[in-house]
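A quick write-up on the structure given underneath.
Where a number appears in this text, it was derived from the coordinates with a stated rule and is not lab data. These figures come from a predicted structure and were not determined experimentally. Here Cβ is always computed from backbone atoms with ideal geometry, including for glycine, and neighbour counts include all displayed protein chains.
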Amino acid sequence: MAYFDHNATTPVAPDVLAAMLPALTEACGNPSSIHRDGQRARQMVETARRQLAVRLGCSPKEIVFTSGGTEANNLALSLPARHVVTSAIEHPAVAQTLGRRDAITVVAPNRDGLITPELLRAAMRPETDLVSVMHANNEFGTVQPLAALAAVAHEFGALFHSDGVQAPGRMAVDVAALGVDLYSVSGHKMYGPKGVGALYVRKGVELAPQLFGGRHESGRRAGTENVPGIVALGAAAARPLTDTAELRDRLEAGILAAVPEAVVQGAGAPRLPNTANIRFAGLEGEALVIALDLRGFSVSSGAACSSGAVEPSPALLALGLTKTEAKSCIRFSLGESNTLDEVEALIAAVSAAVAHLRKLSPTYV
Ligand SMILES: Cc1ncc(COP(=O)(O)O)c(C=O)c1O
């Protein structure tokens, strides 16, 4: 199988696994214990904290380890706020968390999938205390102008959170330069394991903890640390980035040349270098996912977390697509193991599968 679904999850890199193993086998202590076994585990956790801090451009004290991106988002967004502003293209880990609030304004992106500073400004109110806009979209990869958006939020005295889960595995991130107050990351989108993540919390921002118990993570997140997961996240953060832009561009160009009526979503905006979301008029995305699976390629339609759901992705609808159009989109997300040969084979497979499915379609003429 050739794997083109890295936005759903990345494989654990061999060097990350190698770094993680001693935390499963040798460092048996609890990081809160004062004996040497405990202190060994504590050292490993703090090394990982420094590695992630270097990657994000912050101080290690500003990192809170969590069980993943979902928990990081929930933790950030449990802050009290009189009015919250968010975007219409957020992952459910943000959309569902904020959706429970009464005073919320959801900003639709422009046709390219961008929340511009002007769109955000129009949604702000004097009592807006919290703004949450994702860094890079998981479905079509558009990268938001975070520095400008954070500046607008701060003008109104609001805190700015960003769901950064899709970004650090694919692009350089500097939270200080971006000016964000809170930033969520996840291990399994950057060649680390599933079930570990972190929240960057700018010095001076008081969190509202959600888990109560011991004084772990400086009282911000109770629970014995997931030492192996944290060590792996640190190792993942210390890895160099692989640029997949050339392969992604070849994939898009090849598909657009070979398949009539194929349209790239978010093409007019800055995008992650690994993501191509393409709409194929006249067919169901799910059918193409299955057809490509049978030909040896893993891709996805809509967000992986909601696969199996018959409803089209809200983020794609927010781009202005109709339900039928949104259901005919496929996401190809590349990673460091993909090769040019795989990309060429995928172009040929997509071309053949789309032609076959369109022939069977009662609506495509
Ligand atoms: C943008 C975004 N935010 C949050 C999450 C959730 O992260 P996790 O799976 O680590 O809970 C995902 C995972 O699909 C994501 O793509």
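Numbers for the structure displayed
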item: Using θ = phi - 60° and Karplus 6.51 cos²θ - 1.76 cosθ + 1.60, couplings along segment 212-227 (whole Hz; Gly, Pro as x); result: 10, x, x, 9, 5, 6, 6, x, 9, 7, 6, x, 3, 4, 7, 4
item: Within straight-line cross-link reach of Lys323, lysines at Cα separation under 25 Å, skipping those fewer than 8 residues along the same chain; result: Lys359
item: Placed amide H near Phe297: partners under 5 Å, 5+ positions off or other chain; result: Ala2
item: Cut-off under 5 Å, modelled amide H: who pairs with Asn7 long-range; result: Ser333
item: Radius ratio Rg over Rh of segment 123-220, counting only Cα atoms, Kirkwood formula for Rh; result: 0.99
item: Cα gyration tensor shape for the chain, rounded if a/c is under 1.5, else prolate or oblate; result: oblate
item: Cα-centre dipole for the chain with unit charges at Cβ (Lys and Arg positive, Asp and Glu negative), debye to 20; result: 600
item: Longest site-free stretch - the chain; sites: chymotrypsin sites (Phe, Trp or Tyr not before Pro), DSSP loop, at most 16 other Cβ within 10 Å; result: 1-211
item: Size of charge dipole - segment 184-245 - debye, nearest 20, with Cβ of Lys, Arg +1 and Asp, Glu -1, no other charges; result: 80
item: Stretch in the chain that is longest and holds no GluC sites (Glu not before Pro) that DSSP places in a loop and that have at most 15 other beta carbons within 10 Å; result: 27-126
item: Distance between modelled label sites at Asp112 and Leu24, nm, 7 Å Cα→Cβ extension; result: 4.4
item: Set of lysines near Lys203 by C-alpha distance (under 26 Å), chain-local residues within fewer than 8 positions excluded; result: Lys61, Lys189
item: Per-residue Cβ neighbour rank within 10 angstrom, fewest leading, Arg239, Arg121; result: Arg121, Arg239
item: Spin-label model distance (nm) - Gln39 vs Thr363, 7 Å beyond Cα toward Cβ; result: 6.7
item: Trypsin sites (Lys or Arg not before Pro) within segment 1-101, DSSP loop, no more than 10 other Cβ atoms inside 10 Å; result: Arg100
